[in-house]
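What follows is a set of notes on a single structure, which appears directly below.
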Amino acid sequence: MPLEILYQDDVIVAINKPHGLLVHRSSIARDTSEFALQLLRDQLGQTVYPAHRLDRKTGGVLLFSLNKETDQYLQKSFQEHQIDKKYLAILRGFAPTDGVIDYPLKKENGTLQDAKTTFRLLANSELPVPFGKFPTSRYSLVEANPLTGRMHQLRRHFAHIFYPIIGDRPHGCNKQNKFWKETYQMDTMLLHASQLTFKHPLSNHMIHIKAPLQADFQRVLDILDIKA
């Protein structure tokens, strides 16, 4: 299946990256021969440069440059937080109406990095399945805006405030993940990079790219009877 192209012009292209697809070759993931970088290059018949990264388990908008000059521009834009990023996530529990998570995150070498995320609640839902002290299982659909770009930032931030993302194994709730896998055969991490907004490198016009939800995410919303 070809990658879904969301936007393309002479200098940039954006795809709707499937959940589970690596952006590029990695020494820590040797179990696959397919990468978004390689697939898009072959699909377009030209060199592409990833402007940013998405976790393997995260789906949604992934932006590429089509030349080195544009790549430098977009890399700098991401580094200087000039690109607005929005994500959709399904969390365990009833999350607050909105919030700011200002919590430093530790790098692999132990160094602390500032990390800040804002979020707002879009919908709540319950399933008639007891969970812990609650007679039902509770869930929230939120829109999140990472103001910094740290590794696994949203996953770690939502786990920090005790509303982990469903399907996130390292940082999430093992009991909920097991429930969704056994009951609904769903082990996709429910984090979707929904929107990117930024100034075009040539025209300076604002570009807004939105990625439709992928099948597993939409299936869970249908089960929970909520809409994004």
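For this structure, a couple of remarks:
- Any hit, the range 162-171, residues being open to solvent by less than 10 Å² (accessible area, probe 1.4 Å), under 24 Å from L74 (Cβ atoms) and assigned to a strand (DSSP E or B): no
- The single condition among (1) touching a strand residue (DSSP E or B) at 6+ places or on another chain (Cβ under 6 Å); (2) of a type in the set (A, V, I, L, M, F, W, C); (3) surrounded by 12 or more Cβ atoms within 10 Å (Cβ to Cβ) that A159 does not satisfy is (1).
- Sole residue being among the polar types (S, T, N, Q) and closer than 30 Å to N109 by Cα, chosen from N204, N174: N174
- Scanning the range 44-55 turns up no residue that is farther than 20 Å from L191 by Cα, under 18 Å from the mean Cα position of the chain (by Cα) and open to solvent by less than 80 Å² (accessible area, probe 1.4 Å).
- Any hit, the range 95-106, residues being closer than 30 Å to P135 by Cβ, of a type outside the set (A, V, I, L, M) and in contact with a helix residue (DSSP H, G or I) (Cβ under 9 Å, 6 or more places away or on another chain): no
- Residue that is most open to solvent (accessible area, probe 1.4 Å), among those in the range 193-227 that are closer than 21 Å to N145 by Cβ and of a type in the set (S, T, Y): T197
- Contact map, the range 201-225: first residue closer than 21 Å to K85 by Cα, second residue among the polar types (S, T, N, Q), Cβ cut-off under 6 Å, separation 6 or more or different chains; pairs are P201/T70; H208/T197; K210/Q195; A211/N16; A211/S194.
- T136 without any contact (Cβ under 8 Å) to a residue 60 or more places away in the chain, over 16 Å from T97 (Cα atoms) and of a type in the set (V, I, T): yes
The values are calculated or read from the model by the stated rules, or taken from the named source; none is laboratory data. The model shown is predicted, which means the values in this text are computed figures rather than measured ones. Note: ideal-geometry Cβ built from the backbone for every residue, glycine included; neighbour counts use all protein chains shown. SASA here: full protein model, heavy atoms, side chains in, ligands and nucleic acids out. Shrake-Rupley method; radii C 1.70, N 1.55, O 1.52, S 1.80 Å.
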